[in-house]
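As structure tokens, the structure follows; a few thoughts come after it.
The values are calculated or read from the model by the stated rules, or taken from the named source; none is laboratory data. In this text, all values refer to a predicted model and were calculated from it rather than measured experimentally. Cβ: placed from backbone, ideal geometry, glycine included. Neighbour counts: every protein chain shown. All accessible areas refer to the heavy atoms of the entire protein, side chains included, with ligands and DNA or RNA removed. Shrake-Rupley method; radii C 1.70, N 1.55, O 1.52, S 1.80 Å.
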Amino acid sequence: MPANTLFEAKRETATVTEAHEGGPSVHEMSRRGLLDHLTKIGAGALAAAMSVGGALPAIARAQAAPASPRPTRRKFRYGMVIDTRRCVGCRACMVACKAENKTPPGVFYTVVFDHVIEPRIDDKPLFLTKPCFHCEHPPCVDVCPVSATYKREQDGIVVVDYDRCIGCRYCMTACPYSARWFDFDENYPAVEQETRYAEVPSPEYNQFRRRESGKSPVGNVRKCHFCMHLQDENGEYDKAAGRWPACAKTCTGKAIHFGDFLDPESEVSRLVRERVAIRLKEELGTEPNVFYLL
Amino acid sequence: MKRAFWIVGFAFLAAGSVGLADRVINGHIHANYGSIVTWGLWVAAYIYFIGLSAGAFLVSSLVYVFNLRRFESIGRLALFTALVTLLLALLSIVFDIGHMGRAWHVMAYPNFKSPMAWMIWLYAVYFAILVAEIWWLLRRDFVRGAREPGWHGHIYRWLTLGSRDDSDAGQARDRRRVRVLATIGVPLAIMFHGGVGALFASVAARPHWHSGLFPILFLLSALVSGGALLAVVATIFQHGLKRNRDTVLALGQVVLALMLLDVLFEISEFLVAFRGGIPGEVAGLKLVISGPYWWVFWGWQTVIGTIIPILLLALPTRRDPRWVSLACLLIAAGLFGLRLNIVIPGLAVEEIRGLGQAVASMRVHAHYFPSVTEWLLTAGIVGLGLVVFGLGEMLLPHSDGEVGHVPVR
């Protein structure tokens, strides 16, 4: 089974570079296995799409360079600044996210709200797109009984190890922002009817899992990971090359700004410095890395 | 009475097999919880059963730790009830998780920052203590029973685990061991069940759960439900009211006192929240008393599960063990309503307003009613409990009174 060889390949690499306490971490994965896998399932269309999107060069580079041990110190603090005044509520971010991550029905890594404040005293609409906030103190992480979800040391992205997660959904109760979704094994018609689309794996965590009933991520909790699979081997994104979180890349009103808060000159740092930014539910002490401009 | 017990047990078990088949074959797709109300009937069933287990165990400690002779005749029953309900609780929660085959991950990769990991580890210790305690309590009876011919003796020979000592000294030694185990068990039961309360209470994102009273309420309602269940069990089993009459009456009074305390705590919870009036904190309670399932609170939990039994236990009917037993049955049933009203309203409040309208999906909805599969599987778990309990009661040696005559130092 192609999916299994993929997992095994992943485990092999993981044992070498194991840094996350107690087991393989989600972002370690054999790129060679991926290419083999893609060839096997004949996902030519995907490979083409990825070369346009810029993922393929990244993979090729990663393949050439030896797998480096996971960095342990914080290099980036990725986050977003979302300008609600520029958001027109078109929901292109939701669609882009679905197209990028191939999430099933009922799983939405980002959601556009339009009833947050109701009734309003003026007639201005307020739209609010809400990905995972990748909090500095994520309450979801502490409650996980098996440490399947954790905040990555190098860039603060909160990820889920699909192979470790038992699907207890405790993290979903603990997240104050409803940023977590359970995969109930539901499928869109294109997947259900086993069209070519069903063959296309999700690039999430560079694991390229093909959707199979009963196999992870089915039965797991899923969440936004800032399209982490688009990072290069240094953990950097590249907007010009299109390696940028799908929602931010696609935003029609340019309302979603993405970047590194550790870099004082990044767009997000400047926006937070120069404009009035708020975060949701500050009183809980979670310190989200997603800010809203009002 | 016993016949009705068996019929209900097997009928539920049969119904449960349908639910089980659906859960195993189709996973969670036919369950009605989603990504807003993400825990449902199975989690409520789990905290209900584990409460029964903790409660029954703590009642047994009255006998084996505090030497209260009055409850001696139900000591074994209480321990066995605790064991069976613990198994039911673990079953309920295993069916709820996304990957049942990975349940062992909690033992292999525990995160001790998580109350859930603590809980599972404490259950493992508790399970071992329960089994050891029951075995030592029954050891001499096994040894004696092993001499009998036939299948009964055969089972007992296997259960002795090779022990042959049936002396009084051996029995006294067993009782000392039981006492040590039971004594360790008391703080353990308080920890794990208070821990279940803390599992909910520590979730700051859910104001309905996030209260210092919560773990205490869990313990109290565990004692109430465990004591009530034991009164019902003692009415039906082991010579029923012929032998357990006084025990049932006494248990009724204990349950009444605990129940009143439980009500007091509940009132405090409501009063403080409503007088404070913070919308987020009141939202869950409003769902409880006036949401779509108001009748669970007012009808099931308050009238059937609280007011009627309190009256039955306080009025002169308290002197008739049949009325007491009925009151206890109502309490034990009513507390399931309480469990539902803990889990579901805590989750059924949108964390950010408009989430249900933002996307069209049956999984993203603040309304929840358990599906047929969820009901069937829960019924099956209850049925399994009844059948296992019935078999154990039939096969395991009864307390015949002689145990109590061995002095414990």
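Might you check whether a residue that is assigned to a helix (DSSP H, G or I) and either under 30 Å from B:VAL37 (Cα atoms) or among the β-branched types (Val, Ile, Thr) (or both) occurs anywhere in segment A:218-225? Reasoning before the result, please.
If we filter segment A:218-225 for residues that are assigned to a helix (DSSP H, G or I), which is where we start, we get none.
No: zero hits.
Which one is farthest from the other protein chains (Cβ to nearest Cβ), of the residues in segment B:188-224 that are in contact with a His (Cβ under 7 Å, 6 or more places away or on another chain) and not small (Gly, Ala, Ser)?
Looking at residues that are in contact with a His (Cβ under 7 Å, 6 or more places away or on another chain) and not small (Gly, Ala, Ser), I get B:LEU219.
Identify all residues within segment A:252-264 that are open to solvent by less than 30 Å² (accessible area, probe 1.4 Å) and assigned to a loop (DSSP other than H, G, I, E, B); write none if there are none.
Scanning segment A:252-264 gives A:GLY253, A:ALA255.
Identify, from the list A:SER178, A:SER213, the residue that is in a loop (DSSP other than H, G, I, E, B), within 21 Å of A:THR286 (Cβ to Cβ), within 9 Å of another protein chain (Cβ to nearest Cβ) and not aliphatic (A, V, I, L, M).
Of A:SER178, A:SER213, the one residue that is in a loop (DSSP other than H, G, I, E, B), within 21 Å of A:THR286 (Cβ to Cβ), within 9 Å of another protein chain (Cβ to nearest Cβ) and not aliphatic (A, V, I, L, M) is A:SER178.
Starting from segment B:11-34, take each residue that is touching a residue at least 60 places away in the same chain (Cβ under 8 Å) and more than 8 Å from chain A (Cβ to nearest Cβ) and list its partners that are open to solvent by 30 Å² or more (accessible area, probe 1.4 Å) and not hydrophobic (A, V, I, L, M, F, W, C), counting only C-beta distances under 6 angstrom and pairs at least six apart or across chains.
B:ASP22/B:HIS30
Only residues that are of a type in the set (A, V, I, L, M), crowded, with 20+ Cβ neighbours inside 10 Å and more than 10 Å from every other protein chain (Cβ to nearest Cβ): list them for segment B:340-378, please.
B:LEU340, B:ILE342, B:ILE344, B:ALA348, B:VAL349, B:LEU376, B:LEU377
Restricting to segment A:133-164, name every residue that is open to solvent by 10 Å² or more (accessible area, probe 1.4 Å), under 19 Å from B:ALA108 (Cβ atoms) and more than 7 Å from chain B (Cβ to nearest Cβ).
A:VAL141, A:TYR150, A:ASP163
Just one of the numbered conditions (1) open to solvent by 10 Å² or more (accessible area, probe 1.4 Å); (2) at the interface with chain B (Cβ under 8 Å from one of its Cβ atoms) is not true of A:LYS102; which one?
Here A:LYS102 meets the rest and fails (2).
Right, B:ALA108: within 12 Å of chain A (Cβ to nearest Cβ) and under 28 Å from B:ILE381 (Cα atoms) or not? Write out each step before concluding.
Values: within 12 Å of chain A (Cβ to nearest Cβ): yes; under 28 Å from B:ILE381 (Cα atoms): yes.
In short, yes.
Do we have any residue at all in segment A:183-190 that's open to solvent by 40 Å² or more (accessible area, probe 1.4 Å), more than 7 Å from chain B (Cβ to nearest Cβ), assigned to a loop (DSSP other than H, G, I, E, B) and of a type in the set (Ser, Thr, Tyr)?
yes
Just checking, which of B:VAL59, B:VAL37, B:VAL84, B:VAL43 is in a loop (DSSP other than H, G, I, E, B), open to solvent by less than 20 Å² (accessible area, probe 1.4 Å), aliphatic (A, V, I, L, M) and more than 8 Å from every other protein chain (Cβ to nearest Cβ)?
When all the criteria are applied, what remains is B:VAL37.
For segment B:225-251, how many residues meet the condition of being among the polar types (S, T, N, Q) and either within 14 Å of chain A (Cβ to nearest Cβ) or not in a helix (DSSP H, G or I) (or both)?
1
Kindly check whether there is at least one residue in segment A:220-227 that is modelled with pLDDT of 95 or more, in contact with a strand residue (DSSP E or B) (Cβ under 9 Å, 6 or more places away or on another chain) and open to solvent by 30 Å² or more (accessible area, probe 1.4 Å). Can you show your working first?
To start, the set of residues in segment A:220-227 that are modelled with pLDDT of 95 or more comprises A:220-227.
From what is left, the residues that are in contact with a strand residue (DSSP E or B) (Cβ under 9 Å, 6 or more places away or on another chain) are A:220-227.
Those left that are additionally open to solvent by 30 Å² or more (accessible area, probe 1.4 Å): none.
So far as segment A:220-227 goes, no, none of its residues is modelled with pLDDT of 95 or more, in contact with a strand residue (DSSP E or B) (Cβ under 9 Å, 6 or more places away or on another chain) and open to solvent by 30 Å² or more (accessible area, probe 1.4 Å).
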